[in-house]
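The block underneath contains the structure these notes are about, expressed in structure tokens.
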Amino acid sequence: MKKTTRVERKRYRRKIMFRMVLMLTLITIGLAYAFKSEFFNIDNIIIDGDKLVSEETIITASAINKGENLFKVNTNDAEKYLEKLPYIKVSHIKRKPPNTINIWIEERVPVLQIKSLATYMLIDHEGIVLENQDKKSEILPAIVGYNITAKEPGQNIKEDELGIKLEDFFTKNDIINIIKKINTINVDLNEEINIDLNNGISVAFGPLDNVEYKLRLLDRILIDIENRQLKCKMIIMNKGENPILVLDNE
């Protein structure tokens, strides 16, 4: 093998250095062009995952504007801005040259409403308050009677305030099925639970113990009532181990 001379090694180093300088120069010129050229100004903002939050709200909250240079957008900051919105759990923003921004969001979904004085707090399955309303929503189960201070959107109702861990109920399909049949959960002064179902049946549910088991049992009872076509007006679950059906004899 031929041994390289000092002159050859010096020439080789110069060639490598020249290539590196040329590459850095081209990159610098390319970046300068990208940051200044109108060719990379944002024309399109595409949003995916939005069902509850309007596109206008998302774009405004992200602080991304059409006409802005694509490469000047700080996507990390924009994601943080979006995740400050109570209804947005996770966001991801991606540049798509030459002129498009893609915004993907995962929304929080209200599963329950809790009455506090004259306010109904809509919360998700993690207990995050999504919004406060003056009127009761007709599509969400409502809890009334709890002494819970009204919270601002984005704040969290903790497990010790509610007495149950919401995630234990809203991540299990069989439990979700019975919860969807509930109109109102009433908590009296003795912390006894009374439930009004969407079909007009009242349930004396009793205290907050063995809640999962009792909800599953209630669902089986309702299925049996429907299959047997019984006219039931009340289910008593707080008087012994066996539930009692009160039938409408009219």
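The values are calculated or read from the model by the stated rules, or taken from the named source; none is laboratory data. Note that the coordinates shown come from a computational prediction; the quantities given were computed from them, not determined experimentally. We place every Cβ from the backbone using ideal geometry, glycine too, and count neighbours over all the protein chains shown.
Considering each residue of segment 152-160 in turn, at least one proves to be surrounded by 16 or more Cβ atoms within 10 Å (Cβ to Cβ) and either under 23 Å from SER116 (Cα atoms) or without any contact (Cβ under 8 Å) to a residue 12 or more places away in the chain (or both).
Residues that are modelled with pLDDT under 90 and outside any loop (DSSP other than H, G, I, E, B) were ranked within segment 144-170; the one that is farthest from ASN183 (Cα to Cα) is ASP160. Confirm whether ASP124 is charged (D, E, K, R) and at pLDDT below 95. When the stated conditions are applied, ASP124 passes them. Could you figure out which of (1) among the acidic types (Asp, Glu); (2) under 24 Å from GLU107 (Cα atoms); (3) crowded, with 16+ Cβ neighbours inside 10 Å isn't true of ASP196? Result: ASP196 passes all but (2).
Any residue in segment 168-186 that is surrounded by 17 or more Cβ atoms within 10 Å (Cβ to Cβ) and among the acidic types (Asp, Glu)? No, segment 168-186 contains no residue that is surrounded by 17 or more Cβ atoms within 10 Å (Cβ to Cβ) and among the acidic types (Asp, Glu). If you go through segment 61-85 and pick out every residue that is exposed (fewer than 13 other Cβ atoms within 10 Å of the Cβ), without any contact (Cβ under 8 Å) to a residue 12 or more places away in the chain and within 20 Å of GLU131 (Cβ to Cβ), you end up with 0. Looking only at residues of segment 102-117 that are in a strand (DSSP E or B) and at pLDDT 95 or above, we find that the one that is farthest from LEU70 (Cα to Cα) is GLU107.
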